[in-house]
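What follows is a set of notes on a single structure, which appears directly below.
The values are calculated or read from the model by the stated rules, or taken from the named source; none is laboratory data. Keep in mind it's a predicted model, so treat the numbers as computed, not measured. A quick note on method: Cβ atoms are made from the backbone with ideal geometry, for glycine too, and the neighbour counts reach across all protein chains shown.
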Amino acid sequence: SLSALAGQYAGLNLSAPVSLDAFWMPFTANRQFRASPRLLASAEGMYYRDVEGRPILDGTAGLWCCNAGHARPRIVEAVSRQGATLDFAPHFQMGSPLPFVLAQRLKAIAPRPLDHVFFTNSGSESVDTALKIALAWHRMRGEGQRVRLIGREKAYHGVGFGGMSVGGLPNNRKWFGPGLPAVDHLRHTLDIARNAFSRGLPPHGVELAEDLERIVQLHDPSTIAAVIIEPISGSAGVILPPPGYLQRIREICDRYGILLIFDEVITGFGRVGAPFAAQRLGVVPDMMTTAKGLTSGCVPMGAVFVSERIHEAFMQGPEGAIDLFHGYTYTGHPLACAAALAALDTYEEEGLFTRALELEEYWQEGLHALRGACPHIIDIRNYGLIGAVELAPRPGAPGARGYEVLERAFRRGLLVRVTGDTVALSPPLIVERTHIDDIFSMLGEVLATIQ
Ligand code: PLP
């Protein structure tokens, strides 16, 4: 039974029969899933195994997070040792060593001057934390009228009310009321008509950065607190910035005293061939939100990187006054810190921060070779170890082709991620060329069956 199997893997005595209906799964068609479940039971390196013991090649690093691959002994052992030593410590007016050690390590790999780190438990919490720090920073400096936040269409910044509000995916917003007041959205930079099948950054669209200037003028610069942007967005189906776009956004922010936040929840920790996309793309934000690859996915954790000047402003009040009324019970959780430190050791020792650069061309060629696999492919996009294949929606059934790819790929032994009719790939950074060949050969076979 499912429970006996789960028990066997976790070393627990579970034997009662399990039905699939008590767990309300996130972002899932629950009834469809229960009728035809896809269940992963174990994982090692580049592979999952499903509950029948079949290997499933991980084309998505779990959910863009297991950058060092699965069940790496060093990470697992660090978590387990830490759990036996200090399982939990509060970090409100109290401390424990590991978050200090980890913050120092993170500072060393972050772009200067992002010298301070606030820990959270997820990407959504990192985004809400960064937005709140931006608002508080302006207020602290006597500019409390700067409350307007600017995101982009098609952006995904998690599911908190802040991230939902600055996010730009209609399905994630429309059920939940108006969200935060005073939020604007720039247009996204996905332009298949002009950029289809371009390799790496798309050539057209730098002028879209001027949207920011227009919105700033519309509301008056003195009302704008922050702009939040994914340097490369993943969840909307891989949207890349045209060269010069982020630089232009940075210039406009600087001209008007607006803070720039990069949401690096998927691009952080080596995904594009540098520790952070900011470094590869050559633009430094004022804050950077991260999660996922921070612990290689094995314990939930997020981190907000904050620039020296922002942090300094919070340190100006009376010494005995709390400087930021914000934080989580699990901020700096010892098990998460242990996982993150072991993940960083692994990334650094195995050269994983630059591996996406080394493999980029091979990855790109294999991905673009899929172009003829199916007549419905309308675009292929890539950067670092990220890839996307976009299919035209089936008339009257948007998302149906995408779902078929997900389902058939899983049955074929390949894990992909699908948003609408876009298939996204982001393998663990330990991926070898032979795995890349296998990913594209399985995906090609599956695409050939899509009507
Ligand atoms: N921001 C970005 C750019 C993301 O891609 C995600 C998740 O995919 C999030 C935020 C939310 O992260 P979490 O699911 O850990 O809350």
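Overview of results
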{"quantity": "In region 99-132, the residues that are part of a helix (DSSP H, G or I), more than 16 Å from the ligand (Cβ to nearest atom) and not charged (D, E, K, R)", "calculated": "P99, F100, V101, L102, A103, Q104, L106, A108, I109"}
{"quantity": "Subset of region 36-67 (residues that are in contact with a Cys (Cβ under 9 Å, 6 or more places away or on another chain) and more than 21 Å from Y403 (Cα to Cα))", "calculated": "A43, C65, C66"}
{"quantity": "Qualifying residue in region 376-388 (condition: more than 20 Å from Y156 (Cβ to Cβ), in contact with a helix residue (DSSP H, G or I) (Cβ under 9 Å, 6 or more places away or on another chain), crowded, with 18+ Cβ neighbours inside 10 Å and hydrophobic (A, V, I, L, M, F, W, C))", "calculated": "yes"}
{"quantity": "Flag if G205 is in contact with an Asp or Glu (Cβ under 9 Å, 6 or more places away or on another chain) and surrounded by fewer than 18 Cβ atoms within 10 Å (Cβ to Cβ)", "calculated": "no"}
{"quantity": "Sole residue being polar (S, T, N, Q), closer than 15 Å to T289 by Cβ, in contact (Cβ under 8 Å) with a residue 12 or more places away in the chain and surrounded by fewer than 24 Cβ atoms within 10 Å (Cβ to Cβ), chosen from S96, S124", "calculated": "S124"}
{"quantity": "Matching residues, region 57-86, being farther than 20 Å from L294 by Cβ and more than 22 Å from the chain's Cα centre (by Cα)", "calculated": "A84, T85"}
{"quantity": "Unique residue being more than 15 Å from the ligand (Cβ to nearest atom), modelled with pLDDT of 95 or more and of a type in the set (A, V, I, L, M) when the list is I239, I150", "calculated": "I150"}
{"quantity": "Output for region 165-178, where each listed residue is under 16 Å from I239 (Cβ atoms), within 18 Å of the chain's Cα centre (by Cα) and part of a helix (DSSP H, G or I)", "calculated": "V166, N172"}
{"quantity": "Some residue of region 354-367 being surrounded by fewer than 19 Cβ atoms within 10 Å (Cβ to Cβ), free of Cβ contacts under 8 Å to residues at least 60 places away in the same chain and not in a helix (DSSP H, G or I)", "calculated": "no"}
{"quantity": "From G151, G83, G162, residue being assigned to a helix (DSSP H, G or I) and buried (at least 24 other Cβ atoms within 10 Å of the Cβ)", "calculated": "G162"}
{"quantity": "Tabulated pairs, region 203-222, first without any contact (Cβ under 8 Å) to a residue 40 or more places away in the chain and assigned by TED's automatic domain parsing to the domain that holds I192, second β-branched (V, I, T) and in a helix (DSSP H, G or I), C-beta under 9 angstrom, 6+ apart or interchain", "calculated": "E210/I252; E213/I252"}
